[in-house]
Each structure stands twice: as structure tokens, then as C-alpha cells.
């Protein structure tokens, strides 16, 4: 008796499940038919978002220019230049700008056995470089005031040489220019500046001499 009831219950449960399945299929078919009548697609298609491609930078990255090391001959030239400046200062120290109890603002080069200034000998006026040797001799002794009176451009050149001497040695030791990238443009600018200042000072000295005579 119990087995019969169990079999009947199983049959009833399977029939109920089939009925529910049939109902679901019928409902799905009705829904599809209704969607078809309204013009909707029968199958839901997944939407695809249009994503722009990432921006690609095809430009080449800036190249870092490395300074080329100085060649052997350039480094030897720097050492020779430093030695030349050292010799100039040693000669200036050897001269005596206070000989005979007075300050020699010019003609100090005659202590080296050199002749007097030819331009001044024939014109009676100083040349652009008159007093430059005296300015070096005075500046190495710390007499800045009299060095400027002898020749201000010469005093400035002496100060420049005091900076150039260690600069040449350090650049030669490092194998690269110190504080600059290229030597040629700097050299040209310094040369032009020196010539302009030298002759500009000379013009002022000549005008002052003409004014005193008149």
C-alpha cells in the first residue's frame, strides 16, 4: 500500500513539473511573438561600447646631448695656456712698479730691456696698451687703485687671467669644458668685447689729453 502511494506521488510531481515547463515554454513563445509584432529583434544582442584607441605618441623622445670629451691636443693646449698665464704673472711679480720711490703707471716694461713705446715716442700720445704691463705688476701686489689708473683694461685682463689659470687646469683634468658647452662662440665674444673696451678706453684717454692741452 505504501509503495503504491509513493509511486503515485512521484507520478504526480513529474506531471506538475512537466506542466510548469510547458507553461514556461508557452509564455516564452508568446513573449517572442509579441516582440516580433512590435519590431524588436528576437534575440537580445549585447551592446558594444565604442572606445577610442589610446593616444599613441609616435614622436621620438628628445635626445640628451652628451658633451664630448676633449681631445688630447685640446687638453694639452689648455695646460699650455695655464702655464703661459702663470709665466705672465711671474714676470709681473718680478717687475718693480715702485722703483725710485714712485708708482710707475707706465714704462714698466723697460725693466725687461724692451724699448719705449714707439707710438708715444712719435706722437706724444699713449697707445691703447700703454700702462698694461704696469697694471699687471700693480695688481699682482694687490694695488688695485693704481692698477686701474695705469690701465683699467689691463687690470681687468689680469683678473680674467687669474680666473683662466685654474679654469684651464680644471677643464683639462675633467676632459670637459667647465661652465660652458662650446668654446668657439665664447672665445669670439670675449675677443670682440676686449677689443671694443680697449679702444673705447683709448678714445677716452685721447679726448682727456686733448681737453687738458686745450
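Details
- Residue count for region 143-161, restricted to those that are surrounded by fewer than 19 Cβ atoms within 10 Å (Cβ to Cβ) and without any contact (Cβ under 8 Å) to a residue 40 or more places away in the chain: 5
- Of the helices (runs of 4 or more DSSP H) lying entirely inside region 132-214, the ones with 3 or more residues being more than 21 Å from the chain's Cα centre (by Cα) and more than 20 Å from residue 88 (Cα to Cα) are found at 183-213.
- Residue match in region 118-133 (condition: surrounded by 14 or more Cβ atoms within 10 Å (Cβ to Cβ), out of contact with any helix residue (DSSP H, G or I) (no Cβ under 9 Å at 6 or more places or on another chain) and free of Cβ contacts under 8 Å to residues at least 12 places away in the same chain): yes
- Residue 77 being at pLDDT 95 or above, touching a helix residue (DSSP H, G or I) at 6+ places or on another chain (Cβ under 9 Å), in a helix (DSSP H, G or I) and farther than 23 Å from residue 146 by Cβ: yes
- Residue under evaluation residue 178, criteria (1) within 27 Å of residue 115 (Cα to Cα); (2) at pLDDT below 95, criterion not met: (1)
- Residue 193 vs. criteria surrounded by fewer than 13 Cβ atoms within 10 Å (Cβ to Cβ), over 20 Å from residue 84 (Cβ atoms) and out of contact with any strand residue (DSSP E or B) (no Cβ under 6 Å at 6 or more places or on another chain): yes
- Residue 114 falls short on exactly one of the conditions (1) part of a loop (DSSP other than H, G, I, E, B); (2) within 37 Å of the chain's Cα centre (by Cα); (3) loosely packed, with under 15 Cβ neighbours inside 10 Å, and that condition is (2).
The values are calculated or read from the model by the stated rules, or taken from the named source; none is laboratory data. Note that the structure is predicted; figures quoted are calculated from it, not measured. Don't worry about glycine lacking a Cβ; one is built from the backbone with ideal geometry, like all the others, and counts go over all protein chains shown.
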